[in-house]
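*Asks:* After the structure tokens below, expect a handful of questions from me.
A short reminder: the numbers here are calculations on the coordinates, not readings from a lab. The structure displayed is predicted, hence computed values, not measured ones. Note: ideal-geometry Cβ built from the backbone for every residue, glycine included; neighbour counts use all protein chains shown.
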Amino acid sequence: MNTTSIIAVYFLIWWLTLFAVLPWGVRSQGEEGAVEAGTDPGAPALHRVWIKLMWTTAIASAISGILYFCYVQDLIPFEFLSRISSPPGR
């Protein structure tokens with residue numbers, strides 16, 4: 001696997017992980033009881049985006065590392081992947 005492929009796979013895993021991490025610990029202004037004037041009560045009271053980006057990077061790096069290890073050790077053969085990803089009936 002060349003470097004470009006590794007970066008592309010990591011980028012995809014990072015984005016998927018980001019969408020999984022974004023809702024962690026979110027409390028709305030309505031739940032906090034302090035709704036700012038002109039905002040929706042469902043808007044987050046505290047964003048903490050940098051912490052979520054840090055968690056996303058750590059989790060995506062771990063997942064990518066595990067997948068790379070499986071690829072290098074040939075734990076998941078290419079023939080198996082092509083067989084399960086082909087259309088049914090072939």
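*Asks:* Among L16, Y71, L46, which residue has its Cα furthest toward the positive end of the charge dipole of the chain, with +1 on Lys/Arg Cβ and -1 on Asp/Glu Cβ?
*Replies:* Of the listed residues, the answer is Y71.
*Asks:* For a quick check of your reading of the filter: which chymotrypsin sites (Phe, Trp or Tyr not before Pro) in the chain sit in a DSSP loop and have no more than 12 other Cβ atoms within 10 Å?
*Replies:* Listed in order of number, the matching sites are W24.
*Asks:* Now a separate question. Using the basic label-point model (7 angstrom from Cα toward the beta carbon), what is the V72 to W50 distance in nanometres?
*Replies:* So the two model labels end up 3.3 nm from each other.
*Asks:* What helices does the chain have that are whole DSSP H segments, at least 15 Å long along their own axis by Cα, and with mean Kyte-Doolittle hydropathy of 0.0 or more? It would help to have the intermediate numbers written out before the result.
*Replies:* On the way: long enough: 3-21 (26 Å, 1.92); 49-72 (33 Å, 1.45).
Helices meeting the criterion: 3-21, 49-72.
*Asks:* Still on this structure: Taking the stretch 1-88, which trypsin sites (Lys or Arg not before Pro) meet the DSSP loop condition and have no more than 11 other C-beta atoms within 10 Å?
*Replies:* R27
*Asks:* Please identify, among A45, A58, A34, the residue showing maximal mean-square fluctuation in a Gaussian network model of the chain using a 10 angstrom Cα cutoff.
*Replies:* A34
*Asks:* If you put +1 on each Lys and Arg Cβ and -1 on each Asp and Glu Cβ, how big is the dipole of the stretch 5-90 around its Cα centre, in Debye rounded to 20?
*Replies:* Working: 5 positive and 6 negative charges, 54 e Å.
Computed charge dipole of the stretch 5-90: roughly 260 debye.
*Asks:* In addition: Between F80 and F19, how high is the FRET efficiency from 1/(1 + (r/R0)^6) when r is the Cβ-Cβ distance and R₀ = 30 Å? Nearest 0.05.
*Replies:* 0.60
*Asks:* Run the quick spin-label model on T4 and D40: label points 7 Å from Cα toward the beta carbon, then report their separation in nm to one decimal.
*Replies:* Distance between label points: 4.0 nm.
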